[in-house]
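Colleague: Take a look at the following structure, please.
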Amino acid sequence: VNLLIMGPPGAGKGTQAEALIKELNITHISTGDMFRKAIKEGTEMGKKAKEYMDKGELVPDSVVVGMVKERLLQPDCENGFLLDGFPRNVTQAEVLDETLDSMGLKLNGVINITVPREKIIVRLTGRRICRSCGASYHVLFNKPAIEGRCNACGGELYQRSDDNEMAVINRLEVYEAHTQPLINYYSERGLLKNINGDQDIKKVLEDILLSLNIR
Ligand code: AP5
Ligand code: ZN
């Protein structure tokens, strides 16, 4: 299956994506993770993306779209994929439709995770990420077994440079202005599955699988 997961920053997209790709045996395509990898590697694209990301702005479409198109052509996408963090505006959604069309593919569902705005800041400012595998934890809601270490790989946990209150508030504004219109876009196409993200992590996963008629 080819899926898309969307929702405001901190909705739990990355957390659910990690579980879903294992459950469904599909490939995770996270544009945020791809940019963070490029930043770590010090590539030109990484340097450009970092300027926007640290402020909570969207990286220009011209940079994002080419990267995703290239990624979708990789052989590991043939068994299905889960797009996370892309598309982020209507232009990107239209490019995605054209790209999938040209590949003879389509989306089977769009998971839209909703969380009340006031919970988002707590989630993001308490988030910690694994430096090695990108797994996401929370100092209160999703603690690692050993403080500061990843359960999955033992890697060191760090705080993302855009998880400070100022950047988070800007990310929320950008989400409302540019990404929220995609809810209508996919609803009109009969693809949207609304999921309550303000529940236990395992319950959210259950609801997603149910909505996809997989359980
Ligand atoms: P991106 O990496 O996509 O960030 P985001 O959309 O802001 O989403 P997050 O990763 O912050 O949140 P999430 O929903 O994955 O939450 P998580 O599961 O970690 O993008 C970053 C930046 O890159 C953008 O600002 C932009 O600059 C750029 N970018 C990326 N894609 C782009 C594109 N297509 N176009 C242009 N620019 C682009 O969970 C959050 C926290 O909550 C964690 O601590 C977690 O443990 C906890 N948590 C999760 N679920 C629950 C739960 N059910 N209950 C309690 N706590 C929970
Ligand atoms: Zn890890």
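Colleague: Name, by its number, the condition in (1) among the polar types (S, T, N, Q); (2) modelled with pLDDT of 95 or more; (3) in contact with a helix residue (DSSP H, G or I) (Cβ under 6 Å, 6 or more places away or on another chain) that does not hold for ASN184.
Modeller: Here ASN184 meets the rest and fails (3).
Colleague: Which of the residues spanning the stretch 127-168 are outside any loop (DSSP other than H, G, I, E, B), out of contact with any strand residue (DSSP E or B) (no Cβ under 7 Å at 6 or more places or on another chain) and within 19 Å of ASP84 (Cα to Cα)?
Modeller: Answer for the stretch 127-168, where residues must be outside any loop (DSSP other than H, G, I, E, B), out of contact with any strand residue (DSSP E or B) (no Cβ under 7 Å at 6 or more places or on another chain) and within 19 Å of ASP84 (Cα to Cα): just VAL168.
Colleague: Additional query: When only residues in the stretch 15-35 that are within 7 Å of ligand 1 (Cβ to nearest atom) and not small (Gly, Ala, Ser) count, which is nearest to ASP54 (Cα to Cα)?
Modeller: My answer is PHE35.
Colleague: Then there is this: What pairs can you find where one residue is in the stretch 155-178 and within 17 Å of ARG123 (Cα to Cα), the other is away from ligand 1 (no atom under 12 Å from the Cβ) and among the charged types (D, E, K, R), and their Cβ atoms are less than 7 Å apart, with a gap of 6+ or different chains?
Modeller: LEU157/ARG149; TYR158/ARG131; LEU172/ARG117
Colleague: Please list, ordered by first then second residue, the pairs with beta carbon atoms under 7 Å, 6 or more apart or interchain, first in the stretch 84-105 and in contact (Cβ under 8 Å) with a residue 12 or more places away in the chain and within 16 Å of VAL1 (Cα to Cα), second part of a helix (DSSP H, G or I) and open to solvent by 20 Å² or more (accessible area, probe 1.4 Å).
Modeller: Qualifying pairs under 7 Å: ASP84/LYS13; ASP84/GLY14.
Colleague: List pairs: first in the stretch 47-63 and at negative phi, second aromatic (Phe, Trp, Tyr), Cβ under 7 Å, 6+ apart or cross-chain?
Modeller: ALA49/PHE35; MET53/PHE35; LEU58/TYR52; VAL59/PHE35; VAL59/TYR52
Colleague: Does the stretch 19-40 hold any residues that are touching a residue at least 40 places away in the same chain (Cβ under 8 Å) and either part of a strand (DSSP E or B) or buried (at least 19 other Cβ atoms within 10 Å of the Cβ) (or both), and which are they? Can you show your working first?
Modeller: Our first condition is that a residue be touching a residue at least 40 places away in the same chain (Cβ under 8 Å); within the stretch 19-40, this holds for 19-21, 23-33, 36.
Passing the criteria: LEU20, ILE26, THR27, HIS28, ILE29, SER30, THR31, GLY32, ARG36.
Let's see how each residue does on (1) open to solvent by 60 Å² or more (accessible area, probe 1.4 Å); (2) within 16 Å of GLY10 (Cβ to Cβ); (3) within 9 Å of ligand 1 (Cβ to nearest atom):
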residue	(1), (2), (3)
VAL90	no, no, no
LEU96	no, no, no
LEU107	no, no, no
ILE113	no, yes, yes
ARG117	yes, yes, no
ILE120	no, yes, yes
LEU124	no, yes, yes
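Colleague: To continue, here is another question. If PRO9 passes every condition in (1) more than 11 Å from ligand 1 (Cβ to nearest atom); (2) part of a loop (DSSP other than H, G, I, E, B) but one, which one does it miss?
Modeller: (1)
Colleague: Filter the stretch 156-215 for residues that are basic (Lys, Arg) and over 19 Å from ALA49 (Cα atoms); which is most open to solvent (accessible area, probe 1.4 Å)?
Modeller: The initial filter retains those residues of the stretch 156-215 that are basic (Lys, Arg), namely 160, 171, 189, 193, 202-203, 215.
Subsequent filtering for residues that are over 19 Å from ALA49 (Cα atoms) retains 189, 193, 202-203, 215.
Numbers: ARG189: 116, LYS193: 56, LYS202: 157, LYS203: 91, ARG215: 130 Å².
Among them, the one singled out is LYS202.
The values are calculated or read from the model by the stated rules, or taken from the named source; none is laboratory data. In this text the structure is predicted, and so the values were computed from the model without any measurement. Cβ atoms come from the backbone with ideal geometry, glycine included; neighbour counts cover every protein chain shown. Areas reflect the complete protein model, heavy atoms only, side chains present, ligands, DNA and RNA absent. Shrake-Rupley method; radii C 1.70, N 1.55, O 1.52, S 1.80 Å.
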